[in-house]
Structures are given as structure tokens and as C-alpha cells.
Amino acid sequence: MEISAAHQLKLSYASKCSRLHGHNWHVRVFLMSRELNADGMVYDFSEIKHKIHGYLDHGNLNDLLPFNPTAENIARWIVSQFPQCYKAVVQESDGNVAQCVDEEKIKGVENLVM
Ligand SMILES: [Zn+2]
């Protein structure tokens with residue numbers, strides 16, 4: 001999904017990223033389950049979009065998220081939003097991509113539906 005949102009980073013070093021600016025973020029969310037639910041899904045796509053895109057799009061991430069809104073922290077937050085989510089990829093611009101993988105969620109799981 002694509003999310004238009006602003007952020008301003010609190011950093012321990014001088015950086016232009018400390019000034020308020022915006023990105024068209026590209027976000028990929030990966031979910032898995034041992035089994036499909038009664039509707040034949042792992043999770044409804046539109047519900048995922050609602051929880052992530054619906055909450056963040058056209059917002060100021062500093063106001064919406066309770067942490068320094070780096071791409072890394074955003075990816076970790078997305079993984080924490082769904083028990084079935086084991087990975088999120090957050091791209092803030094060309095070549096600037098962060099990925100979070102929760103290895104605890106995938107450890108020992110066989111016969112996955114992804
Ligand atoms: Zn930025």
C-alpha cells in the first residue's frame with residue numbers, strides 16, 4: 001500500500017531528517033497462518049489496509065505513533081499490529097527501505113499459509 005504521511009525524526013546527530021517533511025511510503029505487510037479461517041482467508045486485506053493506511057495516510061506520524069517514526073520503527077509497529085503478521089517492509093523513498101521480521105512468530109511453524 002502507499003501512504004502519504006509526514007514525519008520529523010529525533011536524532012542524536014545533525015540531519016535534515018530532523019525537519020518536518022513528507023514521503024509517499026510504500027508498505028508491504030506479510031501475514032501467515034497455520035490454517036485459513038471460515039471465510040478462506042488469513043486476514044481480510046481491506047481490514048489490514050484500514051488499520052495501517054486508514055490510520056496513517058495523510059497524517060503526521062509523530063502525532064499518530066508513540067515512538068520516533070523511523071522506517072525501522074514503523075515496520076516493527078506494523079508487525080505488532082496483527083498476530084499473524086511476521087514481516088513488514090517500509091520504503092520511505094527510493095533505496096531507503098527497512099524491513100522487520102519477527103522470527104519468533106515463524107519459528108517452528110510448518111505448513112504455512114501465506
Ligand atoms: Zn523521512
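The values are calculated or read from the model by the stated rules, or taken from the named source; none is laboratory data. In this text, all values refer to a predicted model and were calculated from it rather than measured experimentally. Heads up, the Cβs are rebuilt from the backbone with ideal geometry, glycines too, and the neighbour counts pull from every protein chain shown. All accessible areas refer to the heavy atoms of the entire protein, side chains included, with ligands and DNA or RNA removed. Shrake-Rupley method; radii C 1.70, N 1.55, O 1.52, S 1.80 Å.
Within the range 42-61, which residues are part of a loop (DSSP other than H, G, I, E, B) and charged (D, E, K, R)?
Those that are part of a loop (DSSP other than H, G, I, E, B) and charged (D, E, K, R): 44, 57.
Does residue 45 count as within 16 Å of the ligand (Cβ to nearest atom) and either farther than 21 Å from residue 6 by Cα or open to solvent by 50 Å² or more (accessible area, probe 1.4 Å) (or both)?
No; evaluated as a whole, the condition is false for this residue.
Within the bounds of the range 70-81, is there any residue that is modelled with pLDDT of 95 or more, surrounded by 15 or more Cβ atoms within 10 Å (Cβ to Cβ) and in a loop (DSSP other than H, G, I, E, B)?
yes
Considering only residues that are within 9 Å of the ligand (Cβ to nearest atom) and either under 12 Å from residue 61 (Cα atoms) or among the aromatic types (Phe, Trp, Tyr) (or both), which ones fall in the range 1-24?
6, 7, 8, 9, 21, 22, 23
Could you tell me which numbered condition residue 94 fails, if it satisfies all but one of (1) touching a strand residue (DSSP E or B) at 6+ places or on another chain (Cβ under 7 Å); (2) open to solvent by 60 Å² or more (accessible area, probe 1.4 Å)?
(1)
Table: residues versus (1) away from the ligand (no atom under 14 Å from the Cβ); (2) assigned to a helix (DSSP H, G or I); (3) of a type in the set (D, E, K, R).
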| position | (1), (2), (3) |
| --- | --- |
| 63 | yes, yes, yes |
| 68 | no, no, no |
| 92 | no, no, yes |
| 99 | yes, no, no |
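Would you confirm whether any residue within the range 14-28 is over 20 Å from residue 85 (Cα atoms), among the small types (Gly, Ala, Ser), in a loop (DSSP other than H, G, I, E, B) and open to solvent by 40 Å² or more (accessible area, probe 1.4 Å)?
Yes, the range 14-28 has at least one match.
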